[in-house]
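Data first, discussion second: the structure below is written as structure tokens.
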Amino acid sequence: MVVKALGMLSGGLDSSLAAKILVDMGIEVEGVNFSTGFCVTEHSRNFKDEKEKPLRPNEALRLAAELRFKLHIVDVSKDYLPVVTSPKYGYGANLNPCIDCRVFMFKRMRGLMDQYGAQFMFTGEVLGQRPMSQHREALKIIERDSGLDGLVLRPLSAALLDPTIPEIKGWVDRSKLLALSGRSRKPQMAAAKELGMEDYPQPAGGCCYLTDPQYAKRLRDFFDYNGKPALTQEVVLMLKVGRHFRVSNRLKVLIGRNERENNFLKLYEKGRHVFEVPDYSSAHVLAEIRGDADPEIVRTVAAMAARYSDASRGTRVRVQHRYGDVEEQLEAEAMDEETLAGWRL
Ligand code: SF4
């Protein structure tokens, strides 16, 4: 009997190691890489400054190519929004709804297992590595709520967990599964070396924007001023791009940090006020203004635009303000750093 396992793979060290263990055992492996819209590396690939050194390609794809198995990249970013806005099990340290997130993904895996003819699924989870979703009780809740009791193999910690159906049925050799636990990545690095894996991404914390304090601050601000139901895929993306400033309940300002971000913001001018400093190299500035753009608000954003131009401090610069077809010119001096710091999200 050919045994097929479907792996939930980020392509990071842990899921790479889990896949390698099963491939070496002769199990037919296929991978699934979910795109939630909150993945840090995916975003970095699109928005890094061109001057920075090149990033690696999608790590899950690299892994699949190296171990020669099929990978399915599944975009769940739209259906994932309610997981973020109304998590049954609440949030972790930031706005990460880890337990609900795993239940959501495992339910998807359940359907995909049927679709691709896999008998069980596996992950690179390590017992105790993540405080919210990887303690023993959470692992059980996630399996139960997703209808996958006994069908989730975690090769890196399996020896510390109850035997799963694939182990009981003898599809996988339990003696070759690992007994890793805790937050240190050193044991995984040692195991990777032992299995002859050399090319894997360096373990680094923070693969998900929802665990990032700055992103969580921006998202919380969005929830406070717009309400959770207003969250869209576009908002998820906008919150990752540029500098963000909450000036008042009527004014929020977005400012590009590099050419790619400036170009991106240009695509989202509709419904927003645009500020540019035409006589100097400058960042693209968008203002979200609730109600009328009164002169005080316009002067504030113009001063912010002046600050993020190449004009020397203290210089009065010409600022162009555009809203739809209406355009005006005004003059402004750069906003001071202390005021900006108080508004920064
Ligand atoms: S860190 Fe992000 S992707 Fe990972 S389980 Fe938590 S919410 Fe989901």
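None of the figures in this text is laboratory data; all of them are computed from the coordinates on show. This is a predicted model, so every value here is computed, not measured. With ideal geometry, Cβ positions are generated from the backbone for all residues, glycine too; neighbour counts draw on all protein chains shown.
How high is the relative contact order of the chain? Use alpha-carbon pairs under 8 Å, at least six apart in sequence, and give a whole percent.
Relative CO of the chain lands at 15 percent.
Apply the Debye scattering formula to region 204-293, with a single equal point scatterer on each alpha-carbon and no solvent, then give log10 I(q)/I(0) at q = 0.17, 0.18 Å⁻¹.
Values returned for q = 0.17, 0.18 Å⁻¹ are -0.77, -0.86.
If you take the square roots of the eigenvalues of the alpha-carbon gyration tensor of region 4-194 and sort them as a ≥ b ≥ c, do you get rounded (a/c under 1.5), prolate (a/b over b/c) or oblate?
Rounded.
Summarise the long-distance tail of P(r) for region 241-343 by giving the % of C-alpha pairs beyond 18 Å.
Here the long-distance tail beyond 18 Å is 41 percent of all Cα pairs in region 241-343.
What does the helix-only formula give at 222 nm for the chain: each DSSP H stretch with n ≥ 4 adding -39500 (n - 2.57), the total divided by the residues, and the result rounded to the nearest 500 deg cm²/dmol?
Counting only the DSSP helices, I get -10500 deg cm²/dmol.
Quick one, can you get me the convex hull of the C-alpha atoms of the chain expressed as volume per residue in Å³?
Output value, Cα hull per residue: 147 Å³.
May I ask you to compute the full-extension gain from Glu194 to Gln329, defined as 0.36 nm times their residue separation minus their alpha-carbon distance, rounded to one decimal in nm?
Full extension from Glu194 to Gln329 adds 42.0 nm.
Using the beta-carbon distance between Lys70 and Asn249 and R0 = 41 Å, what value does 1/(1 + (r/R0)^6) give for FRET efficiency, to the nearest 0.05?
Plugging the Cβ-Cβ distance into 1/(1 + (r/R0)^6) gives 0.25.
Where does region 75-157 land on the Kirkwood hydrodynamic radius, alpha-carbon pairs, in angstrom?
Mean inverse Cα-Cα distance, inverted, gives 13.2 Å.
Please report, for the Cα atoms of region 115-222, the Rg to one decimal and the Dmax as a whole number; what are they, in angstrom?
16.2, 51
Defining a contact as two alpha carbons under 8 Å apart and six or more residues distant in sequence, what relative contact order in percent does region 4-194 show?
For region 4-194, the relative contact order is 25 percent.
Could you tell me which residue out of Tyr308, Asn226, Tyr323 lies farthest along the dipole of the chain toward its positive end? Charges go on the beta carbon: Lys and Arg +1, Asp and Glu -1, centred on the Cα centre.
So the residue we want is Asn226.
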